[in-house]
1. Being in a helix (DSSP H, G or I) and surrounded by fewer than 13 Cβ atoms within 10 Å (Cβ to Cβ) is the requirement here; does K110 meet it?
2. Got a sec? Which of A47, A19 is surrounded by fewer than 21 Cβ atoms within 10 Å (Cβ to Cβ) and over 24 Å from S119 (Cα atoms)?
3. Pick out, from segment 1-103, the strands (runs of 3 or more DSSP E) lying fully within it that include 2 or more residues that are in contact with a Leu (Cβ under 7 Å, 6 or more places away or on another chain) and among the aromatic types (F, W, Y).
4. Out of segment 126-151, which residues are surrounded by 15 or more Cβ atoms within 10 Å (Cβ to Cβ) and in a loop (DSSP other than H, G, I, E, B)?
5. Please go through segment 82-120 and pick out each residue that is without any contact (Cβ under 8 Å) to a residue 12 or more places away in the chain and either within 18 Å of K18 (Cα to Cα) or within 15 Å of the chain's Cα centre (by Cα) (or both).
6. So Q69 ticks every box in (1) closer than 22 Å to S122 by Cβ; (2) touching a residue at least 24 places away in the same chain (Cβ under 8 Å) but one. Which box is left unticked?
7. Identify all residues within segment 45-55 that are under 17 Å from the mean Cα position of the chain (by Cα) and either more than 21 Å from V94 (Cα to Cα) or of a type in the set (S, T, Y) (or both); write none if there are none.
8. Condition first: touching a strand residue (DSSP E or B) at 6+ places or on another chain (Cβ under 7 Å) and either modelled with pLDDT under 95 or within 28 Å of S143 (Cβ to Cβ) (or both). Now tell me which residues in segment 78-93 satisfy that.
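The values are calculated or read from the model by the stated rules, or taken from the named source; none is laboratory data. Note that the coordinates shown come from a computational prediction; the quantities given were computed from them, not determined experimentally. Positions of Cβ are generated from backbone atoms using ideal geometry, with glycine treated the same way; all protein chains shown enter the neighbour counts.
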Amino acid sequence: MTASPVVLLTGASRGIGKATALAALTTFNARIVAVARNTDLLKQLEAEAEKLGKADSITTVAGDVTDNQVIKQSVATAIEKWGQLDALIANAGVVAPLASVADVNVEEFKRLFDINFFSILSLVQEALPHLRKSKGSIIMISSAAATRGFLGWAAYGS
């Protein structure tokens, strides 16, 4: 990886994603492609990066990671802006629906898998040629629900 790695980060507008973006900018001097659905929160992230003197080190893509065009645009943005992609951090995810298997709405269950699993698969496939070239890394954010069951978390913990 280079001295200023190029990182594509999903779920970047709040929580762990936002904290990861700001830490990567300041600690690793990273250049970030921040991806999230909420345009206003992405603008806030850009403003925070600017306050840190890192306005030129962040660019955003507003969209849903279940949309293949958003995935393609995100990877293309890294390559067009900085000529490389060194890391992918798959952080976007949802917990809902929280319900027992007997009561869960199947369409909501499918939506969770589209966001938490299939979007990551699509993103990795799109980014992989560039990550191979840079000998880059893939980080997939998870939770304790991946290691033990929680009542009502059938979809999320699957």
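1. So K110 passes the test.
2. Step by step, each of A47, A19 is checked, and only A47 is surrounded by fewer than 21 Cβ atoms within 10 Å (Cβ to Cβ) and over 24 Å from S119 (Cα atoms).
3. none
4. Once the filter is applied, which keeps residues that are surrounded by 15 or more Cβ atoms within 10 Å (Cβ to Cβ) and in a loop (DSSP other than H, G, I, E, B), segment 126-151 yields G136, I141.
5. Within segment 82-120, F117 is the sole residue that qualifies.
6. For Q69, the exception is condition (2).
7. Of everything in segment 45-55, just one residue is under 17 Å from the mean Cα position of the chain (by Cα) and either more than 21 Å from V94 (Cα to Cα) or of a type in the set (S, T, Y) (or both), namely E46.
8. A78, L85, D86, A87, L88, I89, A90, N91, A92
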